[in-house]
Amino acid sequence: MDGYNKEFWKVLDELVNDSEIIIDRPKGTSHPKYPDFIYKVNYGYLKDTSSMDGGGIDVWIGSGEKQIDAIMCIVDLIKKDSEIKILIGCTEEEKEIVYETHNETPFMKGVLIRR
């Protein structure tokens with residue numbers, strides 16, 4: 001199975017490298033619909049890509065070296081969807097913040113898959 005995993009990360013690298021990263025919710029800003037929610041890590045999307053919610057593929061951009069180090073697989077009971085979020089350059093502390101962000105309510109749960 002390792003060969004399959006390597007191919008997954010290789011294709012994901014290619015997708016990210018060939019896409020423009022748009023950070024539309026910088027660290028320290030509030031969510032547009034939920035003003036009490038403050039982003040603790042830069043959040044955005046890959047321009048000209050598509051995800052289950054109709055927007056671009058979501059990315060968390062950390063303060064480390066700009067390479068893909070993990071993904072979050074999310075299930076959202078309110079939106080009744082699932083999607084992945086790509087973590088790029090996230091430190092261990094930032095990975096923990098992203099994990100907690102996607103698991104703090106009973107309506108959304110996620111698993112962190114490390115590279």
- request: Could you sort 85-94, 26-35 so that the peptide with the highest average Cβ count within 10 Å comes first and the rest follow in order?
  value: 85-94, 26-35
query: Just in the stretch 52-111: which chymotrypsin sites (Phe, Trp or Tyr not before Pro) are loop by DSSP and have at most 13 other Cβ atoms within 10 Å?
result: F107
- request: Give the calculated FRET efficiency between H31 and Q67 to the nearest 0.05, with a Förster radius of 30 Å applied to their Cβ-Cβ distance.
  value: 0.65
- request: State, to one decimal in nm, how far the label point of S50 lies from the label point of R114, with both points 7 Å from Cα in the Cβ direction.
  value: 3.5
query: What number, rounded to the nearest 500 deg cm²/dmol, is the helix-based mean residue ellipticity at 222 nm of the chain, given -39500 (n - 2.57) per DSSP H run of at least four residues and division by all its residues?
result: -7000 deg cm²/dmol
- line: For the chain, longest principal axis from Cα atoms; helix 2-17 axis from its Cα atoms; angle between them, nearest 10 degrees, is 60
- prompt: In angstroms, what radius of gyration and Dmax does the stretch 2-114 have, counting Cα atoms only?
  reply: 13.6, 43
task: Report, to the nearest 10°, how far helix 92-101 tilts away from the longest principal axis of the Cα atoms in the chain, using its own Cα long axis and a range of 0 to 90°.
output: 50
field: Relative contact order computed over the chain (Cα-Cα under 8 Å; 6+ residues apart), in percent
entry: 20
- prompt: How high is the FRET efficiency from E14 to S82, r the C-beta distance, R0 25 Å, rounded to 0.05?
  reply: 0.65
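Where a number appears in this text, it was derived from the coordinates with a stated rule and is not lab data. Please read all numbers here as calculations on a predicted model, not as lab measurements. So basically every Cβ, Gly included, is an ideal-geometry build from the backbone, and we count neighbours across all protein chains shown.
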